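Colleague: Can you keep this structure in mind? I'll have questions shortly.
The values are calculated or read from the model by the stated rules, or taken from the named source; none is laboratory data. The structure presented is a predicted model; accordingly, all values stated were derived computationally and were not measured. Note: ideal-geometry Cβ built from the backbone for every residue, glycine included; neighbour counts use all protein chains shown.
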Amino acid sequence: MTFDSSSLPSPPLAIGLRSNIQFCLPLIEFSSYDRVEIAFRVQDEAEKEVVTSNAKPRIAIVDDDESVCRAIKRLVRSLGMDADTFTSGQEFIGALEAMPSVDVDCVVLDVQMPHMNGMAVNEHLAGLNSRLPVIFITAYDEPGARERALAGGAVAFLRKPFNDELLIETLRIALERGARNGSKD
């Protein structure tokens, strides 16, 4: 049975009842509930509840320019992936630390941001032993930045403006690398 996501109550919790099973799911600022699908099966009281969720890749987009975040988010969602945007490195790191169960499959990370730049975010991820694939983007290609990013494990370093096809191909490569390296470990 597929649960109709349009019937879910508003955040922060969705509560569903079926037979003698009750489940409670925290929802994370979805713009709509069309991505939340809950399926479960109950054959008898002794059988455990089977819960599955939509396993779309989730891309984190970290850029202090909100228009860049919106544009990349639209592109990522048009590819059938989920996307979360963050307008600072601190906001992204804070979200990862506050909710470690949130699965992110790849990060699109701006180099130049106030307070905590992309290089510092990448170093922080490395300190957490994260195998998360990182794609750096920048409008200001400083000397040595590309080399530092790639030496720090980045999948790619793209200069803004870049075309959609380049980002799509880079995301594909990053997701393949993340799957091979076990980025969700």
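Colleague: Test ALA55 against the stated conditions and say whether it is farther than 22 Å from LEU158 by Cα and assigned to a loop (DSSP other than H, G, I, E, B).
Modeller: For ALA55, the condition - farther than 22 Å from LEU158 by Cα and assigned to a loop (DSSP other than H, G, I, E, B) - is met.
Colleague: Then there's this: Return the total of residues in region 174-185 being out of contact with any Cys (no Cβ under 7 Å at 6 or more places or on another chain) and surrounded by 15 or more Cβ atoms within 10 Å (Cβ to Cβ).
Modeller: 2
Colleague: I would also like to ask the following. Which one is nearest to ASP64 (Cα to Cα) among residues in region 150-168 that are modelled with pLDDT of 95 or more, in a helix (DSSP H, G or I) and touching a strand residue (DSSP E or B) at 6+ places or on another chain (Cβ under 9 Å)?
Modeller: Of everything passing the filter in region 150-168, LEU167 is nearest to ASP64 (Cα to Cα).
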